[in-house]
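Here the structure is laid out as structure tokens; the discussion comes afterwards.
Throughout, read-outs are computed from the coordinates displayed, never taken from laboratory work. Since we're looking at a predicted model, the values are computed, not measured. Cβ sites come from the backbone with ideal geometry, for glycine too, and all protein chains shown count toward neighbours.
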Amino acid sequence: MSLTIHPSILAADFANLERELQRIQEADLVHVDVMDNHFVPNLTLGLPVVQRLAEVSPLDLDVHLMIEDPDRWAPDYAAAGAASVTFHVEAAADPVATARAIRERGARAAIALKPGTPADPWLDRLDEFDMVLVMTVEPGFGGQEFLHHTMPKLQQVAEAAARAGRDLRIQVDGGISTATIGTAAAHGANTFVAGSSVFRSGDPSKAIQELRRVAHQHPAKALHADR
């Protein structure tokens, strides 16, 4: 599966989001963090802003919901124009039903796992999801340091996908830079969210190209599909 880079607008200039989107056209999708100040201790943006971003963005939206009650709200983000909607299993009452509802509204469906959340309950249900996001920081704030202890879980998800023959997007989010993207790629990630390392660089387009180059230099380790 191809490697993709999704810059996070959490690190962008919120007063000029349309202009900021034009600076990252080298990317594959744009990552949009929705936080409600309940599930995580931060507040960003909501449904009306996502709908407007979908109208003006040159890239499809990869929406990451860090909110309570995603069972209720996640399908609305799909209907608003998101190409992919990710929600946290820790906040969902029925992740499988929510994923199906997202797909019914025309978007890809993904689940997210906090650093301390085990992947085991979902490894036999990967057919219900288009992507699994393994958080490499605690969700809520950008600019945090990459948590290396999440790498065994990342590889566990990648191995389960290989075992099931699933062409699964495996995403990492948090602390992704040229110093860490190789480690994530080597452990099975194929989709990378990068905020500060892109938007706060001198040249976002060049930063995206460099992230992609480094990721390609670190192919995934042999995945033990027979485990």
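Just for segment 178-201: of the residues that are assigned to a helix (DSSP H, G or I) and of a type in the set (Val, Ile, Thr), which one is surrounded by the most Cβ atoms within 10 Å (Cβ to Cβ)?
Looking at the filtered set, the residue picked out is VAL198.
Test ALA101 against the stated conditions and say whether it is in contact with a Gly (Cβ under 7 Å, 6 or more places away or on another chain) and either not in a loop (DSSP other than H, G, I, E, B) or not basic (Lys, Arg) (or both).
no
If you check VAL89 against the conditions, is it out of contact with any Asp or Glu (no Cβ under 8 Å at 6 or more places or on another chain) and among the β-branched types (Val, Ile, Thr)?
Against the criterion (out of contact with any Asp or Glu (no Cβ under 8 Å at 6 or more places or on another chain) and among the β-branched types (Val, Ile, Thr)), VAL89 qualifies.
Here is a list: ARG19, ARG52, ARG72. Which entry is outside any strand (DSSP E or B), under 22 Å from GLY143 (Cβ atoms) and basic (Lys, Arg)?
ARG19
Among the residues of segment 45-59, is any hydrophobic (A, V, I, L, M, F, W, C), within 17 Å of VAL132 (Cα to Cα) and in contact with a helix residue (DSSP H, G or I) (Cβ under 9 Å, 6 or more places away or on another chain)?
no
Being part of a loop (DSSP other than H, G, I, E, B), under 14 Å from VAL56 (Cβ atoms) and within 16 Å of the chain's Cα centre (by Cα) is the filter here, so list the residues in segment 22-41 that pass it.
Correct list: empty.
Quick one: in segment 54-89, of everything that is among the charged types (D, E, K, R) and without any contact (Cβ under 8 Å) to a residue 40 or more places away in the chain, which residue is surrounded by the fewest Cβ atoms within 10 Å (Cβ to Cβ)?
GLU55
Before we move on, is ALA207 closer than 16 Å to LEU113 by Cα and either out of contact with any His (no Cβ under 9 Å at 6 or more places or on another chain) or among the small types (Gly, Ala, Ser) (or both)?
no
Among the candidates ALA92, ALA112, single out the residue that is within 30 Å of ALA162 (Cβ to Cβ), of a type outside the set (Phe, Trp, Tyr) and surrounded by fewer than 22 Cβ atoms within 10 Å (Cβ to Cβ).
None of the others qualify; the one that does is ALA92.
What are the pairs with Cβ atoms under 7 angstrom where one residue, in segment 102-113, is under 13 Å from ALA82 (Cα atoms) and the other, located anywhere, is outside any strand (DSSP E or B) and not hydrophobic (A, V, I, L, M, F, W, C)? Sequence gap at least six, or different chains.
Qualifying pairs under 7 Å: ILE102/PRO75; ARG105/PRO75; ARG108/ASP130; ALA109/ARG103; ALA109/ASP130; ALA110/ASP130.
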